[in-house]
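For reference, the structure is listed below as structure tokens.
The values are calculated or read from the model by the stated rules, or taken from the named source; none is laboratory data. Only a predicted model underlies this, so the values are computations on that prediction, with no experimental measurement involved. Virtual Cβ from ideal backbone geometry, glycine too; neighbours counted across all protein chains shown. Only protein heavy atoms, including side chains, enter the accessible area calculation; ligands, DNA and RNA are left aside. Shrake-Rupley method; radii C 1.70, N 1.55, O 1.52, S 1.80 Å.
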Amino acid sequence: MRKESSTPIAAAGLAGVMLGFGLVAFASGTRAPVNVPALVGIDSATTLTAFPRLPRTSLALAVVSARGQLDAGRPWAAWNDLRDHIANPGDAAPAAVLLAARAAGEWGGWDHVRSLLRDQSWLDREGRGEGWWWLGQAEEAAGRWDRAAVAYRRYAGLARGRERAVAQARLGRVLVANRRPAEAAAAYSAAATTLPALADWFAALGAEAHVAAGSRSAAPQLNAPAASPAARLRWARAEIGRRRAAGDVAGALALAEREARLLESGSVESAALSLDRAGWLAAAGRSADARELLREVAGDSAAPTDARLAAARRLGEIAGSRTVAEEMARAAGFEAARRPGLAARSLRAAINAGLPHDPALRLRIGLLLFRERDFGPARTALLDVAPRLTDAEHAAQAELYAARALYRDGDRARRLAELRRVVERRSGTAAAGTALFLRAEDNPVLRGAVALYSRAAEVRSSPEAREALFRVGERSLRLKEPDRTGAIRAWESYVARYQKGEQTAEVAYRTGLLHEQAGREAGARTMYTAAIQADPVSYHALRAGEHLGVDPLGYTLRAPRPWVGLASEPAQARVVLARLDVLRDAGLSREWSAELAAAERHFADRPVALLSVAEGLAERGHTVEGIRIGRTLLAQRGGEWDARLLQVVFPLPMRETLLAEADRAGVDPMLLAALIRQESSFRPDARSRVGAIGLGQIMPGTGKMLARGAGVEEWEPRLLTVPEVNLRMGALYLRDLLRRYDGAKDLALAGYNAGPGRADRWRRELRYSDGPDAFRDRIPFAETRQYVKVVLRNQAVYRRLYGRDRSPALVTAE
């Protein structure tokens with residue numbers, strides 16, 4: 001897939017309005033390639049004026065090659081094709097210089113763009129003024145706002161339609177940065193006129209600039225039904241701020257109330273505006289109204305957690321005694337935000353304000369104090385309330401957590417005695433199961449621990465029952481004389497009880513291995529099949545498939561559950577994607593994120609629309625967001641995959657570049673794709689906490705070492721954000737590791753993640769010859785152990801999705 005740039009897209013027919021967040025689609029039209037406006041005059045490359053001391057054929061070939069590289073999404077290669085031919089831009093052919101500037105801009109070489117295009121007299125004439133577009137971005141990247149404004153203004157005067165609107169929006173951005181808000185407001189107003197489909201966002205941005213300019217007149221109005229909620233909130237805040245600054249408090253509050261009614265209750269935007277309104281009401285002396293608003297937000301389970309926390313805190317800052325309802329709402333907000341100590345304090349305040357002394361409420365306070373790790377008061381409260389609780393489960397829970405509160409005191413004997421008492425007095429309750437599990441955890445004798453885990457697993461209502469059953473098998477294998485029969489019995493029970501999920505796939509696979517080692521072929525096949533059915537896209541399911549000689553992904557793709565939705569949902573998704581494209585090209589990243597978040601909430605109950613959005617994001621290179629949405633949809637489907645969902649969660653952007661670099665290095669392209677998927681989720685600008693950069697998460701020092709072999713003559717760390725450079729270095733480094741370990745992928749991947757020195761030591765010390773399962777499970781670093789398995793899983797998925805013949809279509813199930 002071609003790398004997305006910030007070049008405006010000449011999409012035909014981008015018109016229409018948003019009704020209730022985008023139910024009327026844009027008029028249909030063909031989406032032009034990403035990097036238009038096209039370069040006028042390049043089609044006849046042989047007609048270019050020859051460079052001094054360079055043969056015409058050499059330049060023509062370089063231009064043709066560069067255009068091919070750009071079309072393939074390889075701007076770094078295109079730049080290297082042209083750079084020697086435009087060493088003196090003043091003497092070079094304008095079309096070639098413009099092509100080189102485009103190449104440099106697409107990989108982020110903005111200093112080169114500036115040196116190529118600044119002071120060129122032909123910028124108005126060539127390529128419909130495209131040079132101004134690239135120069136504007138280059139000046140903007142350097143923080144030269146005034147020069148960027150000049151460039152964008154010139155380009156907007158030459159461009160048409162969507163391209164003009166994007167340039168006008170960019171102009172507004174740099175004018176705001178240059179502290180020229182009145183001009184910025186005019187630029188955004190012009191963009192809204194040019195492209196009505198995004199008038200809501202341009203009106204919001206223009207209103208903010210309008211206020212920043214100190215204008216007392218009303219900001220451009222927002223068409224109430226047409227705005228997306230994120231844009232509406234921004235516009236409302238700006239206009240309300242203007243009215244308040246003008247002294248029109250009543251008008252500001254009336255507008256805030258009107259806008260709140262237009263926003264969906266419980267949404268991010270609605271909660272944010274309610275918090276604003278509460279502040280304005282309090283400032284206007286209407287504290288009772290402010291408190292009521294804050295109470296509603298704090299107690300609203302549908303509202304965002306951070307808004308509920310803010311409301312709970314602000315409610316406590318308003319002078320005056322609080323009611324029971326207010327304290328209960330504060331407690332709910334604090335508890336939702338995981339502030340258990342503050343929640344307990346609010347519940348106590350509610351009791352002091354007149355709330356009846358309900359034992360269940362006292363239990364809740366004790367549990368909150370325990371979660372706050374305020375163990376002394378927690379134990380006191382729990383012991384006090386336990387005898388008053390008539391519900392057996394509640395009473396057992398109080399006694400259990402009173403015992404657990406003794407952990408800090410270090411009185412092991414007393415703690416174990418109280419846990420034993422919970423088991424004896426409250427047999428069969430969930431708390432009794434947890435008490436058994438905790439006693440097993442504390443038992444230094446493995447056989448005794450196994451017996452306690454087994455009893456805990458029988459209490460199915462306990463939250464620890466599943467883990468207890470797993471540990472029965474795991475600890476049985478760790479006995480001095482391993483009890484393989486007991487482990488198989490426990491794990492087969494686990495698989496029968498918990499049939500879905502990644503952990504079930506692991507348990508089933510490990511049980512199959514035990515059967516296979518004992519020569520029980522039928523039992524092994526049953527468990528391997530169960531592993532595939534539990535989670536066909538897990539590492540252990542794929543290992544099970546290798547043992548059975550079957551394709552686990554074929555199982556999930558054979559008869560997938562259909563997607564159910566309205567026929568209009570894909571069109572609704574296209575509207576959202578078109579809006580996101582404009583915001584991206586205009587450099588409005590914050591607005592892009594807000595628009596996407598609003599769309600996700602809007603489509604929460606429309607899976608077909610949400611899937612279409614995720615697919616569109618993946619196609620545009622926004623893989624991180626696409627993967628996240630895909631995971632959300634997978635959870636909604638109960639873990640059921642299909643081909644479309646797999647391709648969203650396991651995307652393959654920059655396909656041709658990745659294939660070329662893998663072939664150049666002589667490594668499996670699907671292994672390289674699998675590694676990149678795990679390292680960065682295909683995000684070119686990804687940075688780790690330790691300083692690794694780009695698709696393959698390469699450290700600058702490693703990049704410097706690899707630069708010469710990668711053909712990078714002038715090394716600088718920023719090149720690691722250039723996809724083709726990072727892919728080449730990652731492929732070369734992976735090749736070197738595979739050679740070092742004679743093609744052993746698990747060792748190579750361990751070396752990639754933890755360093756070859758550690759991988760060398762693990763090969764020696766962890767008995768690599770015992771087989772892949774044993775070695776991978778013995779890797780001492782949890783991160784590396786998981787990394788190796790995930791990348792190998794990814795490789796299998798990529799091979800199945802994209803095929804050895806490199807066809808983009810799925811391979812049909814065998």
Any hit, the stretch 407-421, residues being within 23 Å of residue 380 (Cα to Cα) and open to solvent by less than 20 Å² (accessible area, probe 1.4 Å): yes
Positions within the stretch 60-80 being open to solvent by 50 Å² or more (accessible area, probe 1.4 Å) and closer than 14 Å to residue 724 by Cβ, in sequence order: 71, 80
Residue check, residue 171 farther than 30 Å from residue 236 by Cβ and either open to solvent by 40 Å² or more (accessible area, probe 1.4 Å) or assigned to a helix (DSSP H, G or I) (or both): no
Residue list for the stretch 410-436, restricted to those being of a type in the set (A, V, I, L, M, F, W, C), in contact with a helix residue (DSSP H, G or I) (Cβ under 8 Å, 6 or more places away or on another chain) and more than 14 Å from residue 397 (Cα to Cα): 416
Contacts under 6 angstrom Cβ, first residue in the stretch 51-69 being hydroxyl-bearing (Ser, Thr, Tyr), partner part of a helix (DSSP H, G or I) and at pLDDT 90 or above, 6 or more apart: 65/81
Pairs, first under 15 Å from residue 513 (Cβ atoms) in the stretch 770-798, second assigned to a helix (DSSP H, G or I) and at pLDDT below 95, C-beta under 7 Å, six or more apart: 775/768
Any chance residue 759 is more than 30 Å from residue 76 (Cβ to Cβ) and over 31 Å from the mean Cα position of the chain (by Cα): no
Only one of 643, 614, 586 that is more than 14 Å from the chain's Cα centre (by Cα), of a type in the set (A, V, I, L, M, F, W, C), at pLDDT 95 or above and on the phi < 0 side of the Ramachandran plot: 586
Any chance residue 335 is open to solvent by 50 Å² or more (accessible area, probe 1.4 Å), modelled with pLDDT of 95 or more and touching a helix residue (DSSP H, G or I) at 6+ places or on another chain (Cβ under 6 Å): yes
Cβ pairs under 9 Å, 6+ apart, first in the stretch 229-250 and free of Cβ contacts under 8 Å to residues at least 40 places away in the same chain and open to solvent by less than 60 Å² (accessible area, probe 1.4 Å), second in a loop (DSSP other than H, G, I, E, B) and of a type in the set (Lys, Arg): 242/216; 246/216
Long-range neighbours under 7 Å by Cβ, at least six apart or interchain, first residue crowded, with 20+ Cβ neighbours inside 10 Å within the stretch 258-278, second in a loop (DSSP other than H, G, I, E, B) and not aromatic (Phe, Trp, Tyr): 268/304; 269/263; 270/263; 270/264; 271/303; 271/304; 273/263
Among (1) open to solvent by 20 Å² or more (accessible area, probe 1.4 Å); (2) of a type in the set (Gly, Ala, Ser); (3) part of a helix (DSSP H, G or I); (4) in contact (Cβ under 8 Å) with a residue 12 or more places away in the chain, the one test that residue 524 misses: (1)
Members of the stretch 535-551 found to be out of contact with any Asp or Glu (no Cβ under 6 Å at 6 or more places or on another chain), in a helix (DSSP H, G or I) and either free of Cβ contacts under 8 Å to residues at least 12 places away in the same chain or open to solvent by 10 Å² or more (accessible area, probe 1.4 Å) (or both), listed by number: 539, 542, 543, 546, 547, 548
From the options 147, 162, residue that is in contact (Cβ under 8 Å) with a residue 24 or more places away in the chain, in a helix (DSSP H, G or I), of a type outside the set (Phe, Trp, Tyr) and open to solvent by 10 Å² or more (accessible area, probe 1.4 Å): 162
Helices (runs of 4 or more DSSP H) contained entirely in the stretch 681-771, each with at least 3 residues that are open to solvent by 50 Å² or more (accessible area, probe 1.4 Å): 700-707, 723-740, 756-765
Residue check for residue 495: buried (at least 16 other Cβ atoms within 10 Å of the Cβ) and under 28 Å from the mean Cα position of the chain (by Cα): no
